[in-house]
Every structure is written in C-alpha cells, then in structure tokens.
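Written below as structure tokens is the structure these notes are about.
The values are calculated or read from the model by the stated rules, or taken from the named source; none is laboratory data. If you're wondering where the values come from, they're calculated on a predicted model, not measured in any experiment. Ideal geometry is used to build each Cβ from the backbone, glycine not excepted, and the neighbour counts take in all protein chains shown. Note: accessible area is taken over every heavy atom of the protein model, side chains too, but ligands, DNA and RNA are not part of it. Shrake-Rupley method; radii C 1.70, N 1.55, O 1.52, S 1.80 Å.
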Amino acid sequence: MIQRIQTVYLLLAVLAFTTGAVLSAGELLVCLVQGVLAAMSVGIVFLYKQRPTQAMCCVLAMGVVVAFYILLAVRQPLLNWYAALPLVGTILLFLARKAILKDEKLVRSLDRIR
C-alpha cells in the first residue's frame, strides 16, 4: 500500500489539506471543508484494492475543491497565502488519480495475458 506512488501523493494531499485547515482556523467553513477533504484523502488511501473506486473518489474530491473555491470566491476574495493549499492538494489528487489509472491499466493488461 505505502510503496505505491499514489499513496505518497494522497498522503501529501492530506498534509496540504490539514495544514490549510489549521492555518485557517478563524474561518469555520474553510476549516471544515479542508478537514473533510483531508479525511476523504485518508479514506481514498485505504481503497487500494478497489482502484476504479479510488480513482472516482479522487475526482469527487477534486470536484469538492473546485466547488469550494467557486463558492468562496463569490462570498469573499481569497487574499491569504494559505488559500493556495487546497490547490496544491488538488494537483496532488490529480497526480494520484493518474497513477491509479496507470496501475489499473497495468493490471488489466496482465489479466489479458493470462
């Protein structure tokens, strides 16, 4: 589980979301959403036996980040430097999804050979 590169990407995403949640402690909504995203990323790590579900959950988490930014930009402008941390987490989720799909493609090609 830990030897897979997507696990490293997901754990780095957890770190980015958690750091963002801690630094934005004054804003309850921001802290809550980033905490949920960190929990989702931890949950995605443990779906390693179900690669298609894992990839779908990565897309779902990226969608939550995009929706969060759109809603937050409507409410108030983002002026803090730690507001970029969810974007870093989203990039890491994208890289994890790419690695997950690569693993799934490899497994399917090996199933075809048997």
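Here are some notes:
- Residues that are of a type outside the set (A, V, I, L, M) and within 14 Å of Gly20 (Cα to Cα) were ranked within the stretch 68-80; the one that is most open to solvent (accessible area, probe 1.4 Å) is Asn80.
- Which numbered condition Ala83 fails, given (1) buried (at least 16 other Cβ atoms within 10 Å of the Cβ); (2) under 20 Å from Gln6 (Cα atoms); (3) among the aliphatic types (A, V, I, L, M): (2)
- Any hit, the stretch 88-101, residues being open to solvent by 30 Å² or more (accessible area, probe 1.4 Å) and modelled with pLDDT under 90: no
- Cβ-Cβ distances below 8 Å connect the following pairs, each with a first residue in the stretch 51-70 that is within 19 Å of Ile100 (Cα to Cα), a second residue that is of a type in the set (Ser, Thr, Tyr) and open to solvent by 30 Å² or more (accessible area, probe 1.4 Å), and a separation of six or more residues or different chains: Gln54/Tyr48.
- Within the stretch 103-114, residues that are assigned to a helix (DSSP H, G or I) reach no partner that is surrounded by fewer than 10 Cβ atoms within 10 Å (Cβ to Cβ) and not polar (S, T, N, Q) with beta carbons closer than 6 Å at six or more positions or on different chains.
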